[in-house]
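What follows is a set of notes on a single structure, which appears directly below.
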Amino acid sequence: MERNIGFKERRYIEELRILTKSTALDCVIDDRFDRVIYVIRPGDMGLAIGKKGENIKRLTNVLGKRIEMVESADTVDAFITNIFKPAEVTVIEHSPENGPVNVYVRQKSDLGIAIGKAGCNIEKGRLLCRRFFGIDVAEVLLAPEAV
């Protein structure tokens, strides 16, 4: 999947590198929810967050937007699981021919976390899955065994 990174995104990625010494593979500016979503190189997540979230707080002050970070992964399933953390994803149901995927979470409390306030987390999943793998997230549901 081809991704274009504009000037503003490059500037935000460089700001992250300067403040945290971690590497971001991509940056998405989401004006709808007034946030910046970074896709962090695998293994750099702790460095990017910092002790007690210090780096995120500093970056929030510098950029003036809410900061969210997702750790990159090689497979679609691992990436989707990382997007919806801390909610515990149990099953990812793929549709044929790169159709939309359904994400199932273990507990009812995880359902609220995965969807997010006003649907911000499911929207983050849709944005990143489209951008990285060309697929869409259809729904986040409660796993059948949890009902």
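Here, each number is a calculation from the coordinates, and none is a lab measurement. Note that the coordinates shown come from a computational prediction; the quantities given were computed from them, not determined experimentally. We place every Cβ from the backbone using ideal geometry, glycine too, and count neighbours over all the protein chains shown.
Per-structure values
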quantity: Residues (under 19 Å from Glu9 (Cα atoms) and either in contact with a Pro (Cβ under 9 Å, 6 or more places away or on another chain) or in contact (Cβ under 8 Å) with a residue 12 or more places away in the chain (or both)) located in region 29-43; calculated: Ile29, Asp30, Arg32, Phe33, Asp34, Arg35, Val36, Ile37, Tyr38, Val39, Ile40, Arg41
quantity: Residue tally, condition out of contact with any Lys or Arg (no Cβ under 8 Å at 6 or more places or on another chain) and hydroxyl-bearing (Ser, Thr, Tyr), over region 21-63; calculated: 1
quantity: Positions within region 84-99 being within 18 Å of Leu142 (Cβ to Cβ) and either outside any strand (DSSP E or B) or of a type in the set (Asp, Glu) (or both), in sequence order; calculated: Phe84, Lys85, Pro86, Ala87, Glu88, Glu93
quantity: Residue satisfying condition, being surrounded by fewer than 16 Cβ atoms within 10 Å (Cβ to Cβ) and assigned to a strand (DSSP E or B), within set Glu139, Glu54; calculated: Glu139
quantity: Test for Leu127: is it within 22 Å of Ile49 (Cα to Cα), part of a helix (DSSP H, G or I) and among the aliphatic types (A, V, I, L, M); calculated: yes
quantity: Pairs, first among the hydroxyl-bearing types (Ser, Thr, Tyr) in region 8-28, second outside any helix (DSSP H, G or I), C-beta under 6 Å, six or more apart; calculated: Tyr12/Cys27; Tyr12/Val36; Ser22/Asp44; Thr23/Arg41; Thr23/Asp44
quantity: Among (1) touching a strand residue (DSSP E or B) at 6+ places or on another chain (Cβ under 8 Å); (2) not in a strand (DSSP E or B), the one test that Asp74 misses; calculated: (1)
quantity: Any pair with Cβ under 6 angstrom, 6 or more apart, that starts in region 55-74 at a residue that is under 13 Å from Tyr12 (Cα atoms) and ends at one that is of a type in the set (Ser, Thr, Tyr) and not in a strand (DSSP E or B); calculated: Ile67/Thr60
